[in-house]
Amino acid sequence: MADSSPPDSPPVALLLGSNLGDRAGFLRRARESLAACGFDVVRASEVFETEPVECGPQPPYLNQVLLGTSRHGPEALLEVCQGIERQQGRRRTAPRGPRTLDVDLLFYGSRVVAAPRLTLPHPALPRRRSLLVPLAQVAPGWPHPVLGKTVLELLREGGDPGWVRGWWG
């Protein structure tokens, strides 16, 4: 595959999210599917329950960040993630609507990508606490390649007003 990464591929950060049905089960199955597709988890954040923001009223999310490596390049990894979402019943019926599973690429090393289907780093990262809190738990010093600030610095700057709390399900 032309989009494959070498064995010494850069670290990758993924965000898992679910706010419909068996939220914890969807996250667990996503981790299993990612591993089966060549994503090797190095660190995983705790699972957090988060308030949906910028999307209208809907149930709270469970979110978790996975830090790891992938045998796929960024575009191919996006395809893998979207395939896993579909396997778990994700239907894209409304922008930012409720979902069984969301698997977002937050960072792929220090790559910056601005393509129609993929933007890296994740464009909402600097302002969304639901991304920053779990990411800061596993990679607080990761530098944002465009803003030149670490994940922890971005988190300290605030972000959206949405709540993020530990989840002990």
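The values are calculated or read from the model by the stated rules, or taken from the named source; none is laboratory data. These figures come from a predicted structure and were not determined experimentally. Please note: Cβ atoms are built from the backbone with ideal geometry, for glycine as well, and neighbour counts cover all protein chains shown. Each accessible area value is taken on the protein alone, full model and side chains, heavy atoms only, with ligands, DNA and RNA left out. Shrake-Rupley method; radii C 1.70, N 1.55, O 1.52, S 1.80 Å.
What is the magnitude of the charge dipole of region 58-125 about its Cα centre, with +1 placed on the Cβ of each Lys and Arg, -1 on the Cβ of each Asp and Glu, and no other charges, expressed in debye to the nearest 20?
So the dipole magnitude of region 58-125 works out to roughly 180 debye.
Any idea what the dipole of region 1-85 comes to, in debye rounded to 20, about its Cα centre with Lys/Arg Cβ at +1 and Asp/Glu Cβ at -1?
With Lys and Arg at +1 and Asp and Glu at -1, about 240 debye.
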From the phi of every residue in region 116-123, what ³J(HN,Hα) in whole Hz does the Karplus formula 6.51 cos²θ - 1.76 cosθ + 1.60 yield, where θ is phi - 60° and glycine or proline is x? x, 9, 8, 10, 10, x, 3, x
Using Cα pairs under 8 angstrom and six or more residues apart, how large is the relative contact order of the chain, in percent? 29
Could you give the dipole magnitude of the chain about its Cα centre, charging the beta-carbon of Lys and Arg +1 and that of Asp and Glu -1, in debye to the nearest 20? 280
Length gain on complete extension for the stretch R117 to R86, per 0.36 nm per residue less the alpha carbon to alpha carbon distance? 9.5 nm
By how many nm would the segment from W163 to V41 grow when fully extended, if each residue of separation counts as 0.36 nm and the alpha-carbon distance is taken off? 41.3 nm
Before rounding to the nearest 500, sum -39500 (n - 2.57) across all DSSP H runs of length at least 4 in the chain and divide by the residue total; then give [θ] at 222 nm in deg cm²/dmol. -8000 deg cm²/dmol
Given 5 Å bins starting at zero, what is the percent of C-alpha pairs of region 77-141 in each, up to the one with the largest pair distance? 4, 15, 21, 25, 23, 11, 2, 0
For the chain, what % of the accessible area comes from carbon and sulfur atoms, probe 1.4 Å? 55
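What per residue convex hull volume, in Å³, comes out for region 1-80 when only alpha-carbon positions are used? Please report the intermediate quantities before stating the final value.
Details: hull volume 8.1 nm³, N = 80.
Spread over its residues, the Cα hull of region 1-80 gives 101 Å³ apiece.
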Of V113, V133, V151, the most mobile residue in a GNM of the chain (C-alpha springs, cutoff 10 Å) is V113
Under the rule a/c < 1.5 gives rounded, and otherwise a/b versus b/c splits prolate from oblate, where does region 8-142 land using the Cα gyration tensor? rounded
